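Remarks on the structure that follows.
Read-outs throughout are calculated quantities, based only on the coordinates presented, and are distinct from any laboratory measurement. Note that this is a predicted model, so its numbers are computed, not measured. Cβ placement follows ideal geometry from the backbone for every residue including glycine, while neighbour counts extend to all protein chains displayed.
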Amino acid sequence: MGDMKVSLLLMLICLITGLVSAELSSTYYLTKCPTALLTINTQVTSAVIQEPRMGASLLRLHFHDCFVQGCDASVLLDDTANFTGEKNAFPNANSLRGFDVIDSIKSLLEILCPGVVSCADILAVAARDSVVALGGPSWSVQLGRRDSTTASFNLANSELPAPTSDLTTLITSFSYKGFTTQELVALSGAHTIGQGRCKLFRTRIYNETNIDSSYAQSVQANCPSTGGDDNLSPLDVTTPNTFDNAYFTNLQSYKGLFHSDQELFNGGSTDSQVNAYSTNSATFSTDFANAMIKMGNLSPLTGSSGQIRTDCKKIN
Ligand code: HEM
């Protein structure tokens, strides 16, 4: 083979391995850290048994990670002299939970397989295992993400949707991340678990008209018109600790907690999909699982980008 052919072949091999290493794979840890998935699953399951809401909090952590700089565990970084991180951004401050669970999983994995399992992958698997622990669908998590060395306070403030958003704003913010309106509705079904704070739904329960009046009254009991800002209400009034399709049935009876929730069923283009999910939980489960896989693929760091943090809170 001539020199020319050899170098062409080498270039081709580099290109292919480059492409492969830029992709995630569900078997990534099979040889690199065979106990990784079981370790995460055991820890998540026991945390959710201890406190069901933790499943919701862990699912939300992955979402808030992926929508800001991609799924790179940037959400877990504490502020440093070089950057203000995401933890204190408006959507996250005094709101995101589950950091301790992620940290203790990471500590275990650093003993079992030092320097191998990324914090970003832990978040992705913990989100899936949380949904399963609360009775929801499972999916195959793509793995091999690496962790960022920076985080962004500003992006966390601008790219995460607000509970005051109208339908057009929600559609735009999800389409900006590559999601269709159908995927927005499917992913919103995550609000079938977890809790929200009074100050974020006060205006809705006191002033809005597209809300069931007895539901509004019952939520008002724990969310006064002044004070009690951090008092909690379930996002799904029917089955708050079960990952099911009740979120959508609630929307049909105008029992969405946030303004943004009820926007999905308020006479607009997404009403029909809410109706479909409320009558067919299997379709919701399939669509949710597929949309979660897509969310997990948002701009992962692979190859030699980023690092595998040894402590999820700070860079190495
Ligand atoms: C569609 C736009 C969305 C908006 C406007 C939104 C907004 C919110 C807000 C304001 C809270 C309560 C925060 C607090 O009271 O401190 C919340 C909770 C939650 N969100 Fe979303 N969210 C959206 C989409 C999603 C998605 C796509 C997921 C996951 C796939 C998700 C998962 C959750 C979960 C599980 C909780 C409860 C967390 C807990 O109890 O700790 N949300 N969301």
Practice problem: Could you please tell me the mean projected area of the C-alpha convex hull for the range 167-294, averaged over all directions and given in square nanometres to one decimal? | Solution: 7.5
Self-check item: Rg/Rg_globular for the range 133-217, with Rg_globular taken as 2.2 N^0.38 Å and Rg from C-alpha atoms
Solution: 1.39
Quiz prompt | Flagged links, alpha-carbon separation over 18 Å, of K106/K314; K87/K314; K106/K313; K106/K177; K177/K294 | solution = K106/K177
Quiz prompt | √(5λ) per eigenvalue of the Cα gyration tensor, the chain, largest first, Å | solution = 37, 22, 19
Exercise. Can you tell me the dipole magnitude for the chain around its Cα centre, using point charges on the Cβ only (Lys, Arg +1; Asp, Glu -1), in Debye to the nearest 20?
Key: 340
Quiz item: Can you give the convex hull volume of the alpha carbon atoms of the range 58-179 per residue, in Å³?
Solution: 129
Quiz item: Listing F284, F67, F90, F99 from the residue with the fewest other Cβ atoms within 10 Å to the one with the most, what is the order?
Solution: F90, F99, F67, F284
Quiz item: What residues qualify as long-range amide H neighbours of T84, i.e. H under 5 Å apart, gap of 5 or more or another chain, H built at 1.01 Å from N?
Solution: F153
Quiz prompt | log₁₀ of I(q)/I(0) at q = 0.18, 0.20, 0.22 Å⁻¹ - the range 198-271, Debye sum with one point per alpha carbon | solution = -0.66, -0.81, -0.96
Quiz item: Among Y29, Y206, which comes first, then next, by fewest other beta-carbon atoms within 10 Å?
Solution: Y206, Y29
Practice problem: Report the full-extension gain for the segment T209 to Y176: residue separation times 0.36 nm, less the Cα-Cα distance, to one decimal in nm. | Solution: 8.9 nm
Quiz item: Dipole of the range 167-294, Cα-centred, from +1 at each Lys and Arg C-beta and -1 at each Asp and Glu C-beta, to the nearest 20 debye?
Solution: 200
